[in-house]
Amino acid sequence: MERFRTEKALQALVHFGNLGGGSLNKMKALKLIWLSDRYHLRQYGRTITGDQYFAMKNGPVASCTFDLLKGSGISFDRGETQNIAKYLTSSQYDYSVHAEPDMDVFSETDIEVLDLIWEKYKHYDHFALSELSHNFPEWIRYKANFEIAEKGRYEIIMDDFFVNVSDKIGLFNDSEEFLNESREIFLEYSA
């Protein structure tokens with residue numbers, strides 16, 4: 001299992017918030033994080049944030065990043081809490097950023113993927129991204145559960161991130177040989 005990288009998650013939120021003009025809808029940001037992690041995992045054998053993913057009613061969610069936005073769930077030490085407040089504040093549905101992101105926390109491939117995902121999906125609102133996410137196997141696996149009960153969350157099996165998805169953007173359709181290589185790197189990295 002990968003280890004959650006708080007600083008990368010925070011700076012990714014700040015980066016997307018700045019690209020969004022200084023504020024962003026929380027659900028949209030979480031979907032952009034999910035798409036970035038999914039794409040980076042498939043291309044490079046690791047996620048950007050190291051987050052744990054759950055399927056929820058509105059699609060896949062990066063659990064610790066969600067908690068970071070809510071200000072709950074993770075025990076942040078005093079320094080981390082002050083660092084989060086330095087960069088962003090949350091309201092019920094949106095968050096605002098107060099600084100430029102510290103891009104030094106990212107690798108070149110992290111930045112490449114964050115920018116690619118923003119470029120491809122920036123025009124989608126949070127509802128459209130939620131609807132889009134319902135076409136991905138990591139959510140479809142639990143679809144019946146949400147038809148029975150609207151609440152709940154189900155831990156996503158990360159192997160589902162390696163399943164191809166055909167959509168009009170086309171980022172998640174790679175050869176099985178390539179995906180098997182990425183999956184092997186991920187298994188070694190997360191062991």
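The values are calculated or read from the model by the stated rules, or taken from the named source; none is laboratory data. The shown structure was predicted, so the numbers you read here are calculated from the model rather than taken from an experiment. For neighbour counting, all protein chains shown are included, and Cβ atoms are generated from backbone atoms with ideal geometry for every residue, glycine included.
Descriptive notes on the structure:
- In the stretch 161-170, of all residues being at pLDDT 95 or above and in a loop (DSSP other than H, G, I, E, B), the one that is farthest from GLU119 (Cα to Cα) corresponds to VAL163.
This table checks each residue for (1) closer than 30 Å to SER23 by Cβ; (2) modelled with pLDDT of 95 or more; (3) assigned to a loop (DSSP other than H, G, I, E, B).
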site: GLU119; (1), (2), (3): yes, yes, no
site: TYR124; (1), (2), (3): yes, yes, yes
site: SER130; (1), (2), (3): yes, yes, no
site: GLY152; (1), (2), (3): yes, no, yes
site: ASP159; (1), (2), (3): no, yes, no
site: PHE172; (1), (2), (3): yes, yes, yes
site: PHE178; (1), (2), (3): no, yes, no
site: GLU188; (1), (2), (3): no, no, no
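- Residues of the stretch 177-191 that turn out to be in contact with a helix residue (DSSP H, G or I) (Cβ under 9 Å, 6 or more places away or on another chain) and not aromatic (Phe, Trp, Tyr), as a count: 6
- Every pair of residues 6+ apart whose Cβ atoms lie under 6 Å, when the first sits in the stretch 158-183 and is touching a residue at least 24 places away in the same chain (Cβ under 8 Å) while the second is β-branched (Val, Ile, Thr): PHE172/VAL165
Condition check ((1) buried (at least 19 other Cβ atoms within 10 Å of the Cβ); (2) out of contact with any Cys (no Cβ under 8 Å at 6 or more places or on another chain); (3) modelled with pLDDT of 95 or more; (4) under 22 Å from LEU19 (Cβ atoms)) across all residues:
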position: GLY45; (1), (2), (3), (4): no, yes, yes, no
position: HIS98; (1), (2), (3), (4): no, yes, no, yes
position: ASP110; (1), (2), (3), (4): yes, yes, yes, yes
position: ASP115; (1), (2), (3), (4): no, yes, yes, yes
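- In this structure, ASP67 does not satisfy being acidic (Asp, Glu) and either under 22 Å from TRP118 (Cβ atoms) or modelled with pLDDT of 95 or more (or both).
- Selected residue (criterion: surrounded by the fewest Cβ atoms within 10 Å (Cβ to Cβ)) from residues of the stretch 1-11 that are part of a helix (DSSP H, G or I) and touching a Phe, Trp or Tyr at 6+ places or on another chain (Cβ under 8 Å): THR6
- Of all residues in the stretch 77-95, none satisfies being assigned to a helix (DSSP H, G or I), over 21 Å from GLN52 (Cα atoms) and in contact with a Lys or Arg (Cβ under 8 Å, 6 or more places away or on another chain).
- HIS134, sole failed condition from (1) surrounded by fewer than 17 Cβ atoms within 10 Å (Cβ to Cβ); (2) within 19 Å of ASN180 (Cα to Cα): (2)
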